[in-house]
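First up is the structure itself, then whatever we jot down about it.
Readers should treat all values here as calculations from the given coordinates under stated rules, not as data from a laboratory. In this text the structure is predicted, and so the values were computed from the model without any measurement. Cβ coordinates were reconstructed from backbone atoms using ideal geometry, including for glycine residues, and neighbour counts include every protein chain displayed.
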Amino acid sequence: MTMRIQIECPKCGWEPDGGAYWMCSQCYHTWNTFDTMAKCPACGIQYERTACIPHRGGCQAYEPHLDWYKNLDDLLQLQLDQIAIEELV
């Protein structure tokens, strides 16, 4: 069974389309923050919060980055179950 991690704004449900819409406030590099778990690939600054992008359909919320990821609990449980099955074999 394959489970997909869904990424969406915790406030409005906007789903990023993979575009490079986030700009680093330190070095001004622009990238897709979900490719790097909110770490700027140019200078290495780690962001704890992620902005929802209004000009792409979002709501301007500024929420904890991890809150954008849905199904993480289910994915972790699936992996733990698989490890338990492999240990029995």
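Length gained on full extension, I7 to Q46, computed as 0.36 nm times the residue gap minus the Cα-Cα distance: 12.2 nm. Considering only alpha-carbon pairs that sit under 8 angstrom and 6 or more positions apart, the relative contact order computed for the chain is 29 percent. In the chain, helices alone account for a calculated mean residue ellipticity at 222 nm of -6500 deg cm²/dmol, with every DSSP H run of four or more residues adding -39,500 (n - 2.57). Considering only Q77, I5, Y28, and ranking their Cα positions along the charge dipole of the chain that arises from unit charges at the beta-carbon of Lys, Arg, Asp and Glu, the one farthest toward the positive end is Y28.
When restricted to Cα atoms, region 8-49 yields an Rg and a Dmax of 10.5, 30 Å, respectively. On the beta carbon distance between R56 and L76, with R0 = 30 Å, the FRET formula returns roughly 0.55. If you line up the long axis of helix 72-88 against the longest principal axis of the chain, both from Cα atoms, how many degrees apart are they, to the nearest 10? On a 0 to 90 degree scale, this one is about 30. Binning the alpha carbon pair distances of the chain at 10 angstrom intervals from zero yields the distribution 16, 41, 25, 13, 5, 0, expressed in whole percent. When each of the peptides 62-73, 77-88 is scored by how many other beta carbons lie within 10 Å of its residues on average, the order from highest to lowest is 62-73, 77-88.
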